[in-house]
Amino acid sequence: MIEISNMNIVGWEAAIRGMRNPKNSWSRTDSYPAVDCKKCGKIERDGICKKKDRDCTGFECFYIGDNDLKLMTSLRNSGTDHRKFMRMIVVYLDINAPLYWWKEFDTYKVGTVANSCSTMHKIADKEFTIDDFSHEHLDGVSRDMFIQNDHDQPYFFCSFEDMLYIQVEALNKARNLYLETKDKDYWWQMIQLLPSSYNQRRTVMLNYEVLANIYKSRRNHKLDEWKDFCKWIESLPYSELITGDIK
């Protein structure tokens, strides 16, 4: 499970201005902020929204002219040394995702900033529920667990999804004991028992260059969260600068 919200994209004008500095070609710029079209409450101009069904919430509406888009595309295709403008198009967003996904996201440390909800400080603030965890792929069909051969009796009888419910109950037991006693030993039970499917919210800052690296490396990943994240990338304004010719 992954949820993306509160998106905001800024820096188009500065990125284009800087892109034209090397050849002093500012006079060829044909991009401009747009006017309010009443669709997203920001700035837009009639006829320039390339995807009519796109949700523009949080986007800085900016029209990129043909001259600028041609140069951007050329620089983008020339490689990372030439497309520095992409690092100046900054994206802010909130992501709620399981810890097992965040461990992989942390690979992309260059050009990113993230502020997360604190597990260390806030783990006992609320009761644990099953929806605090990503569990959409857990098998809910009951079965004998830990049978070594056909003649052995099962240690217990439950499904994989039941195992998560048991963990949630154990976490809540440790939480209640910690709240009652303030004994740090019970806090440790929560910290060390917490599964990697626990969903954590982070506010993230990254840029189009980082997103290009993510899209190239993760678009065919086995995790659904990466596939969904790459679909979100494809919905961004001028996403072809990120995805290039990759299909």
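The values are calculated or read from the model by the stated rules, or taken from the named source; none is laboratory data. Keep in mind that what you see is a predicted model, and the values were worked out from it rather than measured. Positions of Cβ are backbone-derived with ideal geometry, glycine not excepted, and every protein chain shown enters the neighbour counts. Note: areas computed on protein heavy atoms with side chains; ligands, DNA, RNA excluded. Shrake-Rupley method; radii C 1.70, N 1.55, O 1.52, S 1.80 Å.
Determine ³J(HN,Hα), in whole Hz, for all residues of the range 182-191 in sequence, where each value follows from phi through the Karplus function 6.51 cos²θ - 1.76 cosθ + 1.60 and θ = phi - 60°; x replaces Gly and Pro.
Result, rounded to whole Hz: 6, 6, 5, 4, 6, 4, 4, 4, 5, 4.
Using a 1.4 Å probe, what is the accessible area per residue for the range 80-132, in Å²?
In whole numbers, the range 80-132 has 57 Å² accessible per residue.
Between residue 121 and residue 26, how high is the FRET efficiency from 1/(1 + (r/R0)^6) when r is the Cβ-Cβ distance and R₀ = 45 Å? Nearest 0.05.
For R0 = 45 Å, the calculated efficiency reads 0.40.
Roughly what would the spin-label model give for residue 193 and residue 106, points 7 Å off Cα along C-beta, in nm?
Distance between label points: 2.3 nm.
Which order do the peptides 12-23, 69-80, 106-117 come out in when sorted by mean C-beta neighbours inside 10 angstrom, highest first?
The most tightly packed comes first, giving 12-23, 69-80, 106-117.
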